[in-house]
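Have a look at the structure below before the remarks.
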Amino acid sequence: MQMTGMRLLYELAHAFLKIGFFGFGGGFAMVPLMQNMAVHQNAWLTPAQFAAAIALGQVTPGPVAISATFIGYKVAGLSGAVVATVAVFAPSLVAMYFLERFYLKVRGNYITQAIMHGVVPVVIALILHVAISMGEPARHSLWQALTIAVVATLAITHRVSYGLLVAGSIAAGVFMSVYP
């Protein structure tokens, strides 16, 4: 691998270690960090490619953070996929080790509870920000905007299975591509 390839793998590792470390609140909280890093800071992906990465992360079983694998692959092939995946999950694995050892002892602590109450609004705001920015292209597509509205309504008010919502959205996308 060339030096530029090694440099790119280092940049991927560095970026996804930061995302894994600062992505408080789970996979969805990592999405704005991944978007900023992959689309805005490094221009590794276009906004459409990033949306596809997140969509693929949702279709596959497992955490949203698996989108890092797709991003790493798009940027540096198989080695990029491996580096990005290991880097994004490593901080969580280390944190879980320490949390398992210490969190059970302090979870009822007032300061611990205060920290958790402070983190929740930030996580919700970050997820909302990503939802709005990822939905931006749908402003120009009536069928996508309608699909978003229908899926949101079904998910929120009728608690329809996410699997059914994804399958229905895929079917709508295929239909609208074949019969525009």
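The values are calculated or read from the model by the stated rules, or taken from the named source; none is laboratory data. None of the values given here were measured: they were computed from a predicted structure. Note that we place each Cβ from the backbone using ideal geometry, even for glycine, and neighbour counts take in every protein chain shown.
Number of residues in segment 91-113 that are assigned to a helix (DSSP H, G or I) and surrounded by 10 or more Cβ atoms within 10 Å (Cβ to Cβ) equals 13.
So is residue 19 surrounded by 13 or more Cβ atoms within 10 Å (Cβ to Cβ), among the β-branched types (Val, Ile, Thr) and closer than 18 Å to residue 133 by Cβ or not? So residue 19 passes the test. Checked against the criteria, residue 67 does not count as modelled with pLDDT under 85, closer than 16 Å to residue 29 by Cβ, hydroxyl-bearing (Ser, Thr, Tyr) and assigned to a helix (DSSP H, G or I). Here residue 84 qualifies as under 30 Å from residue 37 (Cβ atoms), in contact with a Ser or Thr (Cβ under 7 Å, 6 or more places away or on another chain) and not acidic (Asp, Glu). For residue 161, the conditions (1) closer than 16 Å to residue 55 by Cβ; (2) within 22 Å of the chain's Cα centre (by Cα); (3) among the polar types (S, T, N, Q) are fulfilled apart from (1). Inside segment 122-147, can you point out the residues that are modelled with pLDDT of 90 or more and either within 21 Å of the chain's Cα centre (by Cα) or not in a helix (DSSP H, G or I) (or both)? Within segment 122-147, just 147 meets the criteria.
Residue-by-condition table, conditions (1) more than 25 Å from residue 166 (Cβ to Cβ); (2) buried (at least 20 other Cβ atoms within 10 Å of the Cβ); (3) in contact with a strand residue (DSSP E or B) (Cβ under 6 Å, 6 or more places away or on another chain); (4) not aromatic (Phe, Trp, Tyr):
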site: 9; (1), (2), (3), (4): yes, yes, no, yes
site: 45; (1), (2), (3), (4): no, yes, no, yes
site: 49; (1), (2), (3), (4): no, no, no, yes
site: 65; (1), (2), (3), (4): no, yes, no, yes
site: 69; (1), (2), (3), (4): no, yes, no, yes
site: 72; (1), (2), (3), (4): no, yes, no, yes
site: 82; (1), (2), (3), (4): yes, no, no, yes
site: 86; (1), (2), (3), (4): yes, no, no, yes
site: 89; (1), (2), (3), (4): no, no, no, no
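Tallying residues that are surrounded by 16 or more Cβ atoms within 10 Å (Cβ to Cβ) and either without any contact (Cβ under 8 Å) to a residue 60 or more places away in the chain or outside any helix (DSSP H, G or I) (or both) within segment 51-63 yields 4.
Whether a residue is part of a helix (DSSP H, G or I) and out of contact with any helix residue (DSSP H, G or I) (no Cβ under 7 Å at 6 or more places or on another chain) was assessed, and residue 8 does not pass this test.
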